[in-house]
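**Student:** Dumping the structure here so I can ask a few things about it.
Laboratory data are not the source of any read-out in this text; all were calculated from the coordinates shown. Bear in mind that the values here come from a model prediction, so they are computed numbers and not experimental data. Virtual Cβ from ideal backbone geometry, glycine too; neighbours counted across all protein chains shown.
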Amino acid sequence: MTIFYSPEFKRKYKRLPLEIQRKAEEKEIIFRNDPFDSRLKTHKLHGRLGDFLAFSIDERCRIIFTFLEKDKVKFYAIGGHEIY
């Protein structure tokens, strides 16, 4: 799977604590194998973000993404509920 990272995602990722960055990297490995693995709690978003999905890094942090093609994904944002 190929993952593209938006400029916003890259900026926000760099600002995260190292512990959260490590968790995000671990979850990305799981995501690459199966984007709907139950450990990720992947879910469809609603409202103005209805075209996007999100998965959990931990209790507070999420990644918003969308499928571009079957094996191509773009990560748009990372962070707490303020990213919604």
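**Student:** What ³J(HN,Hα) values, in whole Hz, does the Karplus curve 6.51 cos²θ - 1.76 cosθ + 1.60 give for the stretch 43-51 when θ = phi - 60°, with x put for Gly and Pro?
**Tutor:** My calculation for the stretch 43-51 gives 8, 7, 8, 10, x, 5, 9, x, 8 Hz in order.
**Student:** Report the Cα centroid-to-centroid distance between the stretch 1-29 and the stretch 35-51 in angstrom, as an integer.
**Tutor:** Rounded to whole Å, the Cα centres lie 17 Å apart.
**Student:** Okay, next question. Could you list the GluC sites (Glu not before Pro) in the stretch 22-84 that lie in coil according to DSSP, counting only those with at most 15 other Cβ atoms within 10 Å of their Cβ? Walk me through the numbers before you get to the answer.
**Tutor:** Values: sites: GLU25, GLU26, GLU28, GLU59, GLU69, GLU82; in loops: GLU59.
Passing both the DSSP loop test and the Cβ count: GLU59.
**Student:** Given a Förster distance of 22 Å, report the FRET efficiency between ASP51 and ARG22 from their Cβ-Cβ distance, rounded to the nearest 0.05.
**Tutor:** That gives a FRET efficiency of 0.15.
**Student:** Can you give me the convex hull volume of the Cα atoms of the chain, divided per residue and expressed in Å³?
**Tutor:** Considering the Cα atoms of the chain, their hull volume per residue is 90 Å³.
**Student:** Cβ neighbours within 10 Å, averaged per peptide: list 18-24, 74-80 in order, most packed at the top.
**Tutor:** Descending mean neighbour count gives 74-80, 18-24.
**Student:** About its Cα centre, how strong a charge dipole does the chain have in debye, to the nearest 20, once Lys and Arg get +1 and Asp and Glu get -1 at the Cβ?
**Tutor:** Value, rounded to 20: 240 debye.
**Student:** Around THR2, with a cut-off of 12 angstrom between Cβ atoms, what is the net charge of the other residues, counting Lys and Arg +1 and Asp and Glu -1?
**Tutor:** Cβ neighbours under 12 Å give a net charge of +2.
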